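Before any comments, here is the structure.
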Amino acid sequence: MKKLLFSLMLLTVGVSNAQDADVPMAIKNEVSVNLLDLVAAGTLDVGYERFLGGNQSLSLDVSFFDTFGYYDVGYIDKSTGVSARLAYNLYFSKRKEYGGFYFYPMVKYRTGKVSTSEDYYDVQYVGNDVISEQYDFKQKYSIEGFAAGFGVGNKWVLKDKFTLDITANLSRTLGSFDSYYIDSVEFRAGVSFAYRF
């Protein structure tokens, strides 16, 4: 899988360099951070987008301390999950370059494990007495898998340097994965703040 990710990054750089002549604008890059994932799931999601011309772009997002969807977010003790998502963005705005509504097909690879813990209470009534015991239920599961899907978003460009982006995507995990703890379909959302250069 490392070779696949490396190949995808080389493809991104190659396509970006090949398209540079078609890009009329001086700004060709954008870096972002997904604030919703950071607050809701504790996942640090940073992204890089390369503008290709014709209101199209390639983006690569890397998430650290990742989870599967938003499962078990309130119970996570530790996550070693790391994911990389490659998307091809198609913007539909005729008024603004690389802004407004957009659609993207995507592929994603995730590796790592999530550890969770949850307290359970066992209450028993013995005569007039109440006996209560607390149990700490711990589990550790793999979130490794390869996924493909699509997403939609809307991007507001502020002063041609900053953007605010709201996005949502659905993906299906392909191949073998830990189906006892995670589903094959994952929903993710994002509110990202970005800087263009």
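Just going by the charge dipole of the chain, with Lys and Arg at +1 and Asp and Glu at -1 on Cβ, which of Phe103, Ile27, Ser117 is farthest out on the positive end?
Going by the charge dipole, the pick is Ile27.
Where the only charges are on Cβ atoms (+1 Lys, Arg; -1 Asp, Glu), what is the dipole of the stretch 57-197 about its Cα centre, to the nearest 20 debye? Spell out each step's value before the answer.
Values: 16 positive and 17 negative charges, 282 e Å.
Dipole about the Cα centre, nearest 20: 1360 debye.
Taking a probe of 1.4 angstrom, what is the accessible area of Phe193 in Å², to the nearest 10?
Only protein atoms counted, so the area is about 90 Å².
Quickly estimate the mean residue ellipticity at 222 nm for the chain, helices only: each DSSP H run with n ≥ 4 gives -39500 (n - 2.57), and the total goes over all residues, rounded to 500.
Values: 2 runs with 25 residues, N = 197.
Only helices count here, giving -4000 deg cm²/dmol.
Of all the accessible heavy-atom surface of the chain, with the other protein chains kept in place and a 1.4 Å probe, what percent is carbon and sulfur?
On the way: 6880 of 11140 Å².
The computed percentage sits at 62.
Using only Cα atoms and rounding to the nearest 10 degrees, what angle (0 to 90) does helix 2-19 make with the longest principal axis of the chain?
30
Skip the ligands, DNA and RNA, and give the accessible area per residue of the chain with a 1.4 Å probe, whole Å².
Here the residues of the chain average 57 Å² of exposed surface.
Would you mind giving the three semi-axes, in whole Å and largest first, of the ellipsoid equivalent to the chain according to its Cα gyration tensor?
Values: eigenvalues 331, 67, 32 Å².
Over the Cα atoms of the chain, the semi-axes work out to 41, 18, 13 Å.
The values are calculated or read from the model by the stated rules, or taken from the named source; none is laboratory data. The model shown is predicted, which means the values in this text are computed figures rather than measured ones. Please note: Cβ atoms are built from the backbone with ideal geometry, for glycine as well, and neighbour counts cover all protein chains shown. Surface accessibility is based on the protein's heavy atoms, side chains included, excluding ligands, DNA and RNA. Shrake-Rupley method; radii C 1.70, N 1.55, O 1.52, S 1.80 Å.
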